[in-house]
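*Asks:* Quick one: this structure, given as structure tokens, is what I'll be asking you about.
The values are calculated or read from the model by the stated rules, or taken from the named source; none is laboratory data. As the structure is a computational prediction, the values presented were derived from the model and not from experiment. Backbone-built Cβ (ideal geometry, glycine too); neighbour counts: all protein chains shown. We work out accessible area using only protein heavy atoms, side chains counted, and drop any ligands, DNA or RNA first. Shrake-Rupley method; radii C 1.70, N 1.55, O 1.52, S 1.80 Å.
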Amino acid sequence: MSVSYPNQYRNYCIFDIKEQKTLPEIKASLENPKSEEEVLENLYTLNLILDKEGINENVLSMYPVLSKYNDTTSPNIQTFLAGIYRKTKIPDAFGPLCAMLIRNSITPPKDCNFDPNEEIGGAILNYLA
């Protein structure tokens, strides 16, 4: 697993993933991650699964483990989480997205080469559409 974080020249992560995990593997890994990189890799992989397979009950059942990250201050995790919530429109995630946006407005993320509020706000707008 290798994550190249955003920098002054690009506002996105780059992943070097050797093999794609299954939903049960992602869920298990997100329940007890060893690092932020592991969380990001799993959220990225879940996002790829959503793009490929669409929304299904197995993906929607991931919300309890995803919600563990609703209070994160990591702009990288916030961005991936908001992207997943935008695609799935899990009703329970609307409030946490609003809270994330408010928290970031009060205390903006530091040392960040992008604005996670763009994705968070976009996800909120998608819920309202």
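*Asks:* Have a look at Tyr127, Tyr69 and point out the one that is open to solvent by less than 60 Å² (accessible area, probe 1.4 Å), farther than 24 Å from Ile14 by Cα and of a type in the set (Phe, Trp, Tyr). First the steps, then the outcome.
*Replies:* Numbers: Tyr69 fails: farther than 24 Å from Ile14 by Cα.
The conditions single out Tyr127.
*Asks:* Now for a different question. In the set Pro64, Pro91, Pro109, Pro96, which member is over 11 Å from the mean Cα position of the chain (by Cα) and either closer than 17 Å to Glu31 by Cα or of a type in the set (D, E, K, R) (or both)? Full working, then the answer.
*Replies:* Numbers: Pro91 fails: either closer than 17 Å to Glu31 by Cα or of a type in the set (D, E, K, R) (or both); Pro109 fails: either closer than 17 Å to Glu31 by Cα or of a type in the set (D, E, K, R) (or both); Pro96 fails: either closer than 17 Å to Glu31 by Cα or of a type in the set (D, E, K, R) (or both).
Being over 11 Å from the mean Cα position of the chain (by Cα) and either closer than 17 Å to Glu31 by Cα or of a type in the set (D, E, K, R) (or both) holds for just one of Pro64, Pro91, Pro109, Pro96, which is Pro64.
*Asks:* For the stretch 106-115, state whether one or more residues are free of Cβ contacts under 8 Å to residues at least 12 places away in the same chain, of a type in the set (Val, Ile, Thr) and part of a helix (DSSP H, G or I).
*Replies:* Checked against the condition, which is being free of Cβ contacts under 8 Å to residues at least 12 places away in the same chain, of a type in the set (Val, Ile, Thr) and part of a helix (DSSP H, G or I), the stretch 106-115 yields at least one hit.
*Asks:* Answer yes or no: is there a residue in the stretch 92-99 that is open to solvent by 80 Å² or more (accessible area, probe 1.4 Å) and free of Cβ contacts under 8 Å to residues at least 12 places away in the same chain.
*Replies:* Start the filter on the stretch 92-99 by keeping residues that are open to solvent by 80 Å² or more (accessible area, probe 1.4 Å), which leaves 92.
Restricting the remaining residues to those that are free of Cβ contacts under 8 Å to residues at least 12 places away in the same chain gives none.
No: the stretch 92-99 contains no residue that is open to solvent by 80 Å² or more (accessible area, probe 1.4 Å) and free of Cβ contacts under 8 Å to residues at least 12 places away in the same chain.
*Asks:* Then there's this: Going through the stretch 1-25 one residue at a time, which ones are in contact with a helix residue (DSSP H, G or I) (Cβ under 7 Å, 6 or more places away or on another chain) and under 22 Å from Asn56 (Cβ atoms)?
*Replies:* Listed by number, the residues that qualify are Ile17, Gln20, Lys21, Leu23.
*Asks:* Can you spot a residue in the stretch 45-62 that is under 21 Å from Asn117 (Cα atoms), of a type outside the set (Ser, Thr, Tyr) and in contact with a helix residue (DSSP H, G or I) (Cβ under 8 Å, 6 or more places away or on another chain)? Show your work before the answer.
*Replies:* The first filter runs over the stretch 45-62 and keeps only residues under 21 Å from Asn117 (Cα atoms), leaving 46-47.
Then drop every residue that is not of a type outside the set (Ser, Thr, Tyr), which leaves 46-47.
In the following step, the residues that additionally are in contact with a helix residue (DSSP H, G or I) (Cβ under 8 Å, 6 or more places away or on another chain) were identified as 46-47.
Scanning the stretch 45-62 turns up at least one residue that is under 21 Å from Asn117 (Cα atoms), of a type outside the set (Ser, Thr, Tyr) and in contact with a helix residue (DSSP H, G or I) (Cβ under 8 Å, 6 or more places away or on another chain).
*Asks:* Just to verify a result, which residue in the stretch 4-40, among those that are in contact with a strand residue (DSSP E or B) (Cβ under 6 Å, 6 or more places away or on another chain) and within 16 Å of Cys112 (Cβ to Cβ), is surrounded by the most Cβ atoms within 10 Å (Cβ to Cβ)?
*Replies:* So the residue we want is Leu40.
*Asks:* Which fully enclosed helices (runs of 4 or more DSSP H) of the stretch 30-81 have 2 or more residues being in contact (Cβ under 8 Å) with a residue 12 or more places away in the chain and of a type in the set (S, T, N, Q)? It would help to see each step written out before you state the result.
*Replies:* Working: elements: 36-53, 57-60, 63-66.
Correct list: 36-53.
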